[in-house]
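The values are calculated or read from the model by the stated rules, or taken from the named source; none is laboratory data. Here the structure is a predicted model, which means the values were calculated and not measured. Accessible surface areas use protein heavy atoms only, side chains included; no ligands, DNA or RNA. Shrake-Rupley method; radii C 1.70, N 1.55, O 1.52, S 1.80 Å.
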Amino acid sequence: MAADSDTVHAVIRRYQPSDRATVETVFRDGMMEHINPAFMYAMTRPLHIAVSLFYYIGVYVMAGQSVVLALVSGGTWISLVYFCCFEFYTGYVRAKLNTDMQDIPGYYLSNPDNCFWVAEAEIHGRPQVLGMVAVEGKSDPGSEGKKFGEFYRMIVSSSCRCSGLGLRLAKIAEDFCRERCFSKIEFSTSSTQRAAVALYFRLGFKLVLVHTPSESPNFLYQGCIYISSV
Ligand SMILES: CC(C)(COP(=O)(O)OP(=O)(O)OC[C@H]1O[C@@H](n2cnc3c(N)ncnc32)[C@H](O)[C@@H]1OP(=O)(O)O)[C@@H](O)C(=O)NCCC(=O)NCCS
């Protein structure tokens, strides 16, 4: 389904327990789509290009010009990299579905400094969740007694991207942070999530930190933190 007038007219409201199944689906799909960009990123790292060349050309030369062995070893290596990307994102989804996403009312709606919204529209006459965003208020060590807001779970269903829904969700979350008098808004993402990075630049966020290799699996992506004033 392409972006149409239904999605443009999506209503943004607080999460309700009846949204659980669709929210999980939109979340899972939104995260799993990062597997291919992460795989492309991983395969274009200089070290991984060198390993690929070794498995294809090196094995071909060392195994008496055996095309079959070269193809099998190179293919095994590439499959292993893809498997790592797949495992990383399925593990991430599993972990989140067992923590904050397992009990959204308990985690996000029972604390006045947190919130979770969904975007819902009538699709073919039936209400459907098309996007979500969450905010968590956290103590700000750099601003005495104040809190800052961190954005989580910003996802718009792939069926209705680029219709302004992400921007609307982010603005609702920003307004919430403003009402709570938070000191700033923070958002962590990765270099391969290009649409999210573009959306946050559009909102005036600035890149403040690139994670070190020990903080993020830098063979899959570069972890980044963006902040914006409230
Ligand atoms: C990031 C995401 C939420 C954006 O949702 P969206 O509804 O498509 O975004 P919008 O239509 O509101 O776009 C708002 C702005 O973001 C930027 N943007 C959005 N998608 C973009 C893309 N694919 N390429 C470049 N810029 C993009 C543009 O600046 C756009 O403003 P413009 O249309 O006036 O130029 C969506 O792409 C998504 O769910 N991605 C997968 C999940 C994800 O990575 N989430 C972030 C978690 S860390």
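Considering only protein heavy atoms, what per residue accessible area in square angstrom results for the stretch 35-96 with a 1.4 angstrom probe? Heavy-atom accessible area per residue stands at 60 Å². Ranking Val208, Val129 from most to least accessible surface, computed with a 1.4 Å probe over the protein chains only, gives Val208, Val129. Percent of accessible area on the chain owned by carbon and sulfur, 1.4 Å probe? Here carbon and sulfur together make up 59 percent of the probe-accessible area. With N counted as the residues of the stretch 35-96, its alpha-carbon radius of gyration over 2.2 N^0.38 Å works out to 1.32. Solvent-accessible surface (1.4 Å probe) assigned to Lys138 amounts to roughly 60 Å². Heavy-atom accessible area for Val230, with the other protein chains in place and a 1.4 Å probe, reaches approximately 50 Å².
Taking every protein chain into account, the 1.4 Å probe leaves Asp100 with about 10 Å² of accessible area, to the nearest ten.
Taking only the C-alpha atoms of the chain, the Rg (one decimal) and the largest Cα-Cα distance, Dmax (whole number), read 20.9, 70 Å.
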